[in-house]
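The values are calculated or read from the model by the stated rules, or taken from the named source; none is laboratory data. None of these values were measured; they are calculated from a predicted model. Every residue, glycine among them, receives a Cβ derived from its backbone with ideal geometry; neighbour counts consider all protein chains shown. Please note that ligands, DNA and RNA were not included when accessible areas were found on the heavy atoms of the full protein model with its side chains. Shrake-Rupley method; radii C 1.70, N 1.55, O 1.52, S 1.80 Å.
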Amino acid sequence: MEDPGGHRFALSIVFYVAAYVVGTVAFVIMARRRRIATDGITILACAGLLGGAFGAQLVQSIAGGIPGKSLLGGVAVGYLAVLYAKRQLGIKRPTGDLFAVALSAGEAVGRIGCFFAGCCYGKVTSLPWGVYDHGAFRHPTQLYSGLAAALTLALLVFLERRRILPENGLFYVQIAVLCALRFPIEFVRDVPATMLGLTTVQVACVVAFTFFAWRLARLLANPQRARHAVRVAT
């Protein structure tokens, strides 16, 4: 998006910062709800936040070299940071659900930052909701992704309130739904296809969806863990 005054860049920073704040608040709410709001969990949240921020910037710089943040890079590096921190802190209880809600809440806001930054833009379109970006009217794929994250968050809140999933169930659902919704959005993003006419992200989505759907099925097949989940949530 052409923006000589830099207003869009400033707005992108505002929404990126807001995304981290919203994600952190969502994490704290979930930690209190699960009664694990300890100092160790706070350190864990910081590890995920810093790792995610670093990964999002690093992968975006490597992949495109333009302003913005890479969600997949943030998820991958943040996940590794959390695993390392949990091992160092000796935390055994699953914490994926906390990060699932935080990630969806943060992305719903952060994608607005992507919209103003001009990254992650879509292909040229003649549809009435196309936005002028990079010299043409294009699909606002950043907003598509933000809407997908908001819908995912609504689903997670629905499931959490009914307490029907074992611990880590929300995490597996979140990643699976994220991949399922991101896959069709990639068709209208302005990115090159690789194998079988799919983008690199779409291939990653297929692999990740299959893996986490399988993990969720295994989790639900264990009734003992399901009963434990109901106990710790009440």
Within the stretch 137-175, work out how many residues are farther than 18 Å from residue 123 by Cβ and of a type in the set (Ser, Thr, Tyr). 2
Suppose we filter 83, 181 for residues that are at pLDDT 95 or above, assigned to a helix (DSSP H, G or I) and open to solvent by 20 Å² or more (accessible area, probe 1.4 Å); which single one remains? 181
Out of (1) open to solvent by less than 10 Å² (accessible area, probe 1.4 Å); (2) among the hydrophobic types (A, V, I, L, M, F, W, C); (3) closer than 20 Å to residue 52 by Cα, the one residue 156 does not meet is (3)
Candidate set from the stretch 137-163 (those that are free of Cβ contacts under 8 Å to residues at least 60 places away in the same chain and part of a loop (DSSP other than H, G, I, E, B)); member that is nearest to residue 96 (Cα to Cα): 140
So, in the stretch 91-136, how many residues would count as being of a type in the set (A, V, I, L, M, F, W, C), modelled with pLDDT of 90 or more and in a loop (DSSP other than H, G, I, E, B)? 2
Exactly one of 56, 76 is modelled with pLDDT under 80, touching a Ser or Thr at 6+ places or on another chain (Cβ under 7 Å) and either surrounded by fewer than 17 Cβ atoms within 10 Å (Cβ to Cβ) or aliphatic (A, V, I, L, M) (or both), and that one is 56
